[in-house]
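Taking it in order: structure first as structure tokens, then the write-up.
Quick note: the coordinates plus some simple rules give every number you see, no bench work behind them. Bear in mind that the values here come from a model prediction, so they are computed numbers and not experimental data. Heads up, the Cβs are rebuilt from the backbone with ideal geometry, glycines too, and the neighbour counts pull from every protein chain shown.
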Amino acid sequence: MRSLLCEAPFFMVNDVGCSVDNQLNCYGGWPVPRNFIRISLYSRAGRDHSILKFTRPQETPDMAPSPANVRDMATRYAAAWSSQSPEGVAAFYADNGAIAINGGDALAGRAAIAEMAAGFYAEFPDLIVHLDDIRAAGNQAIFTWTLEGIHSGTGNKVKVPGWEEWTLTDDCLVAASLGRFDVAEYDRQVADGI
């Protein structure tokens with residue numbers, strides 16, 4: 001007679017076979033706890049038995065932020081940009097988060113991101129960033145925006161659209177951002193206005 005050992009529930013079944021049904025009961029009347037759902041069949045070399053191993057499901061990995069959470073974060077991010085608070089903008093980034101704009105060098109860390117935001121505020125003391133749209137899939141998102149303000153050097157109104165392609169942490173912070181906007185149109189509006 002072959003012996004079939006169910007290791008995780010810690011019992012032996014001495015029968016021709018052991019199978020698991022929809023209710024996760026081992027035939028022969030031996031209950032199998034519902035949280036033991038992964039089943040592996042294998043044999044040990046040199047032994048005349050097989051092992052039916054019930055293992056606990058792996059810890060649920062951190063889940064990517066939901067599209068609703070990403071939308072909420074993007075709304076607050078646009079408001080932070082519109083608040084003239086460089087630290088408020090930087091708070092949306094992971095500690096080692098980074099942003100690269102129009103293919104330039106990446107600015108990494110919250111201090112560098114706050115300094116970058118302060119540069120925009122120096123050019124546009126009345127800066128407003130509008131959230132145009134957000135698309136999210138897992139830990140990736142596209143944040144489309146419109147920057148609007150009066151340029152401090154020329155006094156001209158500027159209204160330029162752009163976007164950021166985000167890689168997000170599981171807790172909905174920006175790990176990496178690739179930002180883009182039309183530099184030629186930006187420069188034209190700074191010089192001539194809308």
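Structure above, values below:
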quantity: Potential extension, Ala118-Asp171 segment - 0.36 nm per residue separation minus Cα distance; calculated: 16.5 nm
quantity: Relative packing of peptides 71-84, 97-110 - highest average C-beta neighbours within 10 Å first; calculated: 71-84, 97-110
quantity: Distance in nm between pseudo-label sites at Arg180 and Gln140 (7 Å out along the Cβ direction from Cα); calculated: 1.3 nm
quantity: Added length on full extension, which subtracts the Cα-Cα distance from 0.36 nm per residue, Ser152 to Asp192; calculated: 13.1 nm
quantity: Electrostatic dipole magnitude of the stretch 117-190 [Cβ: Lys, Arg +1; Asp, Glu -1; Cα centre; debye, to 20]; calculated: 180 debye
quantity: Distance (nanometres) between label positions extended 7 Å along Cα→Cβ at Met63 and Arg76; calculated: 1.8 nm
